1. Does the stretch 70-87 contain any residue that is surrounded by fewer than 20 Cβ atoms within 10 Å (Cβ to Cβ), in contact with a helix residue (DSSP H, G or I) (Cβ under 9 Å, 6 or more places away or on another chain) and touching a residue at least 60 places away in the same chain (Cβ under 8 Å)?
2. Filter the stretch 18-27 down to the residues that are aliphatic (A, V, I, L, M) and either surrounded by fewer than 24 Cβ atoms within 10 Å (Cβ to Cβ) or over 12 Å from the mean Cα position of the chain (by Cα) (or both) and list them by number.
3. Please enumerate the residues belonging to the stretch 179-198 that are under 19 Å from the mean Cα position of the chain (by Cα) and of a type outside the set (A, V, I, L, M, F, W, C).
4. So if I check each of 89, 110, which one is touching a Cys at 6+ places or on another chain (Cβ under 6 Å) and acidic (Asp, Glu)?
5. Could you check how many residues of the stretch 88-114 are modelled with pLDDT under 95, buried (at least 20 other Cβ atoms within 10 Å of the Cβ) and not in a loop (DSSP other than H, G, I, E, B)?
6. Give me a count of the residues in the stretch 33-50 that are surrounded by fewer than 23 Cβ atoms within 10 Å (Cβ to Cβ) and of a type in the set (A, V, I, L, M, F, W, C).
7. So, in the stretch 60-69, of the ones that are at pLDDT 95 or above and among the polar types (S, T, N, Q), which residue ends up surrounded by the most Cβ atoms within 10 Å (Cβ to Cβ)?
8. Look through 174, 122, 165, 128 and report the one residue that is crowded, with 19+ Cβ neighbours inside 10 Å, in contact with a His (Cβ under 9 Å, 6 or more places away or on another chain), aliphatic (A, V, I, L, M) and at pLDDT 95 or above.
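The values are calculated or read from the model by the stated rules, or taken from the named source; none is laboratory data. Not measured: the values here are computed from a predicted model. Glycine gets a Cβ as well: all are built from the backbone with ideal geometry, and neighbour counts include every protein chain shown.
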Amino acid sequence: MNELFEQAFSLKGQVALITGGASGLGFAMAKCMDAAGAKVVLIGHSSEDKLKEAVAELSQGSSYLYDVTDTTHTKQFIDMVIKEQGSIDILVNNAGVHCKKPVLEIQQSDIQNVLNVHLLGALALSQAVLPEMRERKKGNILFISSMSAFVGLTNVCAYSAAKSALLGLTRSLAAEVSADHVRVNAIAPGFIDTPMFHQATDKDPARKEKILSHTPMRTFGDSMDIGWGAVYLCSPAASFVTGTCLMVDGGFATGF
């Protein structure tokens, strides 16, 4: 393969920290970044065994048990990871929880729980990795947004609000730190075949069919589609891309 092409998409020598990395989209991104040459660090909060199983499938990886909502200790945690791993070149804020309820059934606690994971936890991690990235003039921060940030979907008000907030955070953070060669981008996955997707749709066949009818490609995405999108955004091939959101959705946002 052409050497210039390989270099453009290579993550060799970089350390990629991925939250929610033991399954679903997080693990798919881990596998793709591992294939691109990165040393992958997986973060999860519930099962150390699951993390170790995921790491065993990577050529070079490690893991930590950590709850991203514990923002009081985020800086301490990131400092420890940097000390043990040498650096954090890529941060993928992927950890998430779902909340599917009609708007009149949503409680304040539901909204706070979703925001704690998707927004506040991601912001705290980003704040913690930025000083070293800015000092080294090198780094990528990636947020995982959602189609619910672009189109109206029923029964996901709390989730949609959090994912929409991430897009504002992506743009503002990029405007603030990109001069230091730290790029900040987002991915908005379409409807991808993952455990979380099945949790939201398996008992709602009408919703699943509606999704397909609005997707021009007439299929659900594969988690690796998101993984390769993440590799691109964090690679030299995207060196002039910052403050944007890549839709990986089979055309859903433009479908009818």
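1. Yes, the stretch 70-87 has at least one match.
2. The initial filter retains those residues of the stretch 18-27 that are aliphatic (A, V, I, L, M), namely 18, 22, 25.
Once the filter is applied, which keeps residues that are aliphatic (A, V, I, L, M) and either surrounded by fewer than 24 Cβ atoms within 10 Å (Cβ to Cβ) or over 12 Å from the mean Cα position of the chain (by Cα) (or both), the stretch 18-27 yields only 22.
3. From the stretch 179-198, those under 19 Å from the mean Cα position of the chain (by Cα) are 182-198; that's our starting set.
Answer for the stretch 179-198, where residues must be under 19 Å from the mean Cα position of the chain (by Cα) and of a type outside the set (A, V, I, L, M, F, W, C): 183, 185, 189, 190, 193, 194, 195, 198.
4. On the way: 89 fails: touching a Cys at 6+ places or on another chain (Cβ under 6 Å).
Only one candidate passes the filter, namely 110.
5. 1
6. Qualifying residue count for the region: 2.
7. Per the criteria, the residue is 63.
8. Working: 174 fails: in contact with a His (Cβ under 9 Å, 6 or more places away or on another chain); 122 fails: in contact with a His (Cβ under 9 Å, 6 or more places away or on another chain); 128 fails: in contact with a His (Cβ under 9 Å, 6 or more places away or on another chain).
Testing whether each residue is crowded, with 19+ Cβ neighbours inside 10 Å, in contact with a His (Cβ under 9 Å, 6 or more places away or on another chain), aliphatic (A, V, I, L, M) and at pLDDT 95 or above leaves just 165.
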